[in-house]
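Single-structure report; data block below.
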Amino acid sequence: MEQTAEVQAPPHRRFKPQRRRVAVEANRPAMLDYWDLTKPEISFLVTISALAGFLLGSPGAVRGADLAVALAGTVLCAASSGVLNHYVERAHDALMRRTVNRPLPSGRIAPCAALLYGLTLMVLGLAVLSFTNLLTLSLAALTIVLYLTAYTPLKRRTRHNTLIGTIPGALPALGGYTAATGVLGAAGWALFAILVLWQMPHFLSLAWLYRKDYARANYAMLPVVCPDGNATANQTLYFTIGLAVASVLPAVIGSAGWVYLAGAILLSTWFLAPAYAFYRSLSMQNARRVLSASILYIPLLVVLICVDRWVQ
């Protein structure tokens, strides 16, 4: 494996957040800042993972009203987690170049306003999910608690934070399944495993790209704690291989058909290519390729599930 020539920045070095902002940021509508606080990209991926779970849990006709309630509650809970995460990490965001201009560290939104916003979204999301079933509601509440009280603080304490964070990251997919079935079934756990394994190459590639920023803010991300990159490259490849194996489980247990199986194999092979390239050479370009592939993976998996249902 070829190691990058870029030098790791010492964790103790800091830079002063830029107080001068360009005009477009200073005059930015507050509504866009509140939108950014919800981490819309992550909320989208969380919501479509719940969609995948609901579809796998609906072998017959999909109950449209139940699906709408499940997805609405999921997106509200995911958005609340994003906002509250911004609130908790606002001081550390001010230390990183890629986050210094976020709404809270930049001062465009007051912390108390963000806290109220996040709590409101959480209450609304849980209230909506109360119309599904108690199990789904409990999984959503557990997701928020684990994300904010376990994963978020552990990012500054242990390099295993990413692995721990995969649990709240995968629970919404299981919640989508329970919203359709009311029980914890094999297909739901299979999708949970897929989401757990998928998150590792996704977040490890991101952590490698921004390892200097994470070091400045004293985050114990794997590329910061192990700056030679060997552990990052190894785990990225191994978890992607694990994802390839787990991706066929819905077909193996009979919850998906041959279209899904063939597509999952092709999709996993496609994802393995950048992961292996990153394993061989820890370049920024290869890390971006892994990240880009991971972002597309979950939407494509949902498309596969939908096509498989349509063919059947």
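The values are calculated or read from the model by the stated rules, or taken from the named source; none is laboratory data. Bear in mind the structure is a predicted one, so any value in this text is a computation, not a measurement. Ideal geometry is used to build each Cβ from the backbone, glycine not excepted, and the neighbour counts take in all protein chains shown. What goes into the accessible areas is simple: the full protein's heavy atoms, side chains included, and nothing from ligands, DNA or RNA. Shrake-Rupley method; radii C 1.70, N 1.55, O 1.52, S 1.80 Å.
Only one entry in LEU209, LEU184 is closer than 15 Å to ALA287 by Cα, of a type outside the set (Lys, Arg) and open to solvent by 10 Å² or more (accessible area, probe 1.4 Å), namely LEU209.
Residue check: is GLY176 at pLDDT 95 or above and touching a Phe, Trp or Tyr at 6+ places or on another chain (Cβ under 6 Å)? Yes; evaluated as a whole, the condition is true for this residue. For the residues VAL311, VAL290, the requirement of being of a type in the set (A, V, I, L, M), modelled with pLDDT of 95 or more and closer than 29 Å to LEU56 by Cβ singles out VAL290. Taking first residues from the stretch 79-96 that are over 14 Å from TYR34 (Cα atoms) and partners that are of a type in the set (Ser, Thr, Tyr), the Cβ contacts under 6 Å between residues at least 6 apart in sequence or on separate chains come to VAL88/THR152; ASP93/THR99. Checking TYR260, TYR297 one by one, the residue that is in contact with a Pro (Cβ under 8 Å, 6 or more places away or on another chain) and under 22 Å from LEU71 (Cβ atoms) is TYR260 and no other. Against the test of being surrounded by fewer than 18 Cβ atoms within 10 Å (Cβ to Cβ), at pLDDT 90 or above and more than 30 Å from ALA193 (Cα to Cα), the options ALA110, ALA5, ALA26, ALA68 yield a single qualifying residue, ALA110.
So which residues in the stretch 113-155 are in contact (Cβ under 8 Å) with a residue 60 or more places away in the chain, open to solvent by 50 Å² or more (accessible area, probe 1.4 Å) and not in a helix (DSSP H, G or I), if there are any at all? Matches in the stretch 113-155: PHE131 only. Close Cβ contacts (under 9 Å, 6 or more residues apart or on different chains) running from residues in the stretch 267-281 that are in contact (Cβ under 8 Å) with a residue 24 or more places away in the chain and open to solvent by less than 50 Å² (accessible area, probe 1.4 Å) to residues that are part of a helix (DSSP H, G or I) and of a type in the set (D, E, K, R) comprise ALA275/ARG289; PHE278/ARG289. Does PHE239 satisfy the criteria of being assigned to a helix (DSSP H, G or I) and free of Cβ contacts under 8 Å to residues at least 24 places away in the same chain? No: the conditions fail for PHE239.
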